[in-house]
Amino acid sequence: MLGPEMYYEALKLEKEITKKQIEICSDRWKELCKENAPMRLMVSGNLVSLPEDFLDSFIRNTTIKLPEKFTIARLVGDVMGVYELMVGDFSLYERVLCFVERGELEIVEECKEKPMVTRVKKTI
């Protein structure tokens, strides 16, 4: 990841792109829009559509390594740190809530002011 202090240095990497490159990107975006998938991520340098539950295996594998009770922030942070998926924390948070809805995780201490600090426990 590139920290804010390095943004200026990154500008040196900027380069012009051709009209053909713009057309290719535009056409690819139109294809992705037609797919109307719930998620898009960069995978191996390509923007691809993915199913809604794509992140679940990463969340599940990370949950196994955590203690019985933990905060959602810990889970989300560990997934982001270990797998470097280039996905925002909100997307992972939403998927964790699906685990709660399915009963795979249970809320033990809810924090409405800061939902990511909500504590959960494993149920499986």
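Might you check whether a residue that is among the aliphatic types (A, V, I, L, M), without any contact (Cβ under 8 Å) to a residue 60 or more places away in the chain and within 25 Å of ARG40 (Cα to Cα) occurs anywhere in the stretch 89-96?
Checked the stretch 89-96: at least one residue is among the aliphatic types (A, V, I, L, M), without any contact (Cβ under 8 Å) to a residue 60 or more places away in the chain and within 25 Å of ARG40 (Cα to Cα).
Take PHE54 and decide whether it is touching a strand residue (DSSP E or B) at 6+ places or on another chain (Cβ under 7 Å), outside any helix (DSSP H, G or I) and touching a residue at least 24 places away in the same chain (Cβ under 8 Å).
Working: touching a strand residue (DSSP E or B) at 6+ places or on another chain (Cβ under 7 Å): yes; outside any helix (DSSP H, G or I): yes; touching a residue at least 24 places away in the same chain (Cβ under 8 Å): no.
Answer is no for this residue.
Can you work out which of the residues in the stretch 71-118 that are among the basic types (Lys, Arg) and farther than 16 Å from ARG60 by Cα is surrounded by the most Cβ atoms within 10 Å (Cβ to Cβ)?
At the first step, the residues of the stretch 71-118 found to be among the basic types (Lys, Arg) are 74, 95, 102, 112, 114.
If we keep only those that are farther than 16 Å from ARG60 by Cα too, we end up with 112, 114.
Numbers: LYS112: 7, LYS114: 10.
So, considering only residues that are among the basic types (Lys, Arg) and farther than 16 Å from ARG60 by Cα, the one surrounded by the most Cβ atoms within 10 Å (Cβ to Cβ) is LYS114.
Scan ILE64, ILE22 and give me the residue that is of a type in the set (A, V, I, L, M), surrounded by fewer than 12 Cβ atoms within 10 Å (Cβ to Cβ) and closer than 18 Å to TYR93 by Cα. I'd like the intermediate steps shown before the answer.
Values: ILE22 fails: closer than 18 Å to TYR93 by Cα.
Criteria check complete, one pass: ILE64.
Can you confirm whether the stretch 78-87 contains a residue that is at pLDDT 95 or above and either touching a Cys at 6+ places or on another chain (Cβ under 9 Å) or of a type outside the set (A, V, I, L, M, F, W, C) (or both)? Walk me through how you get there before you give the answer.
As a first pass, look at the stretch 78-87 and keep what is at pLDDT 95 or above: 78-79.
Filter once more, so that each one left must be either touching a Cys at 6+ places or on another chain (Cβ under 9 Å) or of a type outside the set (A, V, I, L, M, F, W, C) (or both): 78.
Yes.
Out of curiosity, is ASP27 over 14 Å from the mean Cα position of the chain (by Cα), acidic (Asp, Glu) and either at pLDDT 90 or above or part of a loop (DSSP other than H, G, I, E, B) (or both)? Explain how you work it out, then say what you get.
Values: over 14 Å from the mean Cα position of the chain (by Cα): yes; acidic (Asp, Glu): yes; either at pLDDT 90 or above or part of a loop (DSSP other than H, G, I, E, B) (or both): yes.
Spelling it out, ASP27 is indeed over 14 Å from the mean Cα position of the chain (by Cα), acidic (Asp, Glu) and either at pLDDT 90 or above or part of a loop (DSSP other than H, G, I, E, B) (or both).
Quick check on LEU66: is it modelled with pLDDT of 90 or more and touching an Asp or Glu at 6+ places or on another chain (Cβ under 8 Å)?
Working: modelled with pLDDT of 90 or more: yes; touching an Asp or Glu at 6+ places or on another chain (Cβ under 8 Å): yes.
When the stated conditions are applied, LEU66 passes them.
Going through the stretch 57-82 one residue at a time, which ones are aromatic (Phe, Trp, Tyr) and part of a helix (DSSP H, G or I)?
So the first thing to find is which residues in the stretch 57-82 are aromatic (Phe, Trp, Tyr), and the list is 58, 70.
The one that is aromatic (Phe, Trp, Tyr) and part of a helix (DSSP H, G or I): PHE58.
The values are calculated or read from the model by the stated rules, or taken from the named source; none is laboratory data. Quantities reported herein were computed from a predicted structural model and do not represent experimental measurements. For neighbour counting, all protein chains shown are included, and Cβ atoms are generated from backbone atoms with ideal geometry for every residue, glycine included.
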